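Colleague: Structure in structure tokens, see below.
Derivation of every value follows stated rules applied to the coordinates shown; laboratory data play no part. Values in this document were obtained by computation on a predicted structure and should not be read as measured data. Using ideal geometry, Cβ is built from the backbone for each residue, glycine included, and neighbour counts are taken over all protein chains shown.
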Amino acid sequence: SRWMGIAGQQMPSSSRFMSSSDDGPDTSVVEVCTDKIKAALSTDNVKVIGAYDDPNGSHISIEVVSDQFEGKRPVQRQQLVYKAIWEELQSETVHAVDSMICKTPDEA
């Protein structure tokens, strides 16, 4: 029977629990956030890092250098970044941003 595994143990017929994603190509949270921030802030100077003890990337640290930060206070800069990844925050794909560094090219 397809339900019988090793030594007669019942096993599910689907290997879904082994696959990383059922809905398309495997793209990590870090990659998705990096791409969204790059697009929103018109920069390639974006670094998103998953916490070392969180392999799913639900806790991330972000570093961004963008000329769109010119003339903006630190909170305003962070708001621009949060806006870019709002969907991931709302869906709880990203549970927390542990740190965020937002600089202009002159400050970098």
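Colleague: Residues of region 62-88 being within 20 Å of THR27 (Cβ to Cβ) and surrounded by fewer than 16 Cβ atoms within 10 Å (Cβ to Cβ), which ones? Don't jump to the end; show me each part of the working.
Modeller: Taking region 62-88 and keeping what is within 20 Å of THR27 (Cβ to Cβ), we get 62, 64, 81, 84-88.
TRP86, GLU87 - these are the residues of region 62-88 that are within 20 Å of THR27 (Cβ to Cβ) and surrounded by fewer than 16 Cβ atoms within 10 Å (Cβ to Cβ).
Colleague: Additional query: Find the residue count for region 39-48, including only residues that are within 19 Å of ASP98 (Cα to Cα) and crowded, with 16+ Cβ neighbours inside 10 Å.
Modeller: 2
Colleague: Something else now. Just checking, how many residues over region 89-102 are surrounded by fewer than 17 Cβ atoms within 10 Å (Cβ to Cβ) and either without any contact (Cβ under 8 Å) to a residue 40 or more places away in the chain or of a type in the set (A, V, I, L, M, F, W, C) (or both)? Break it down stepwise before answering.
Modeller: Let us first name the residues in region 89-102 that are surrounded by fewer than 17 Cβ atoms within 10 Å (Cβ to Cβ), namely 89-93, 95-96, 98-101.
Now restrict to residues that are either without any contact (Cβ under 8 Å) to a residue 40 or more places away in the chain or of a type in the set (A, V, I, L, M, F, W, C) (or both): 89-92, 95-96, 99-101.
Total meeting the criteria: 9.
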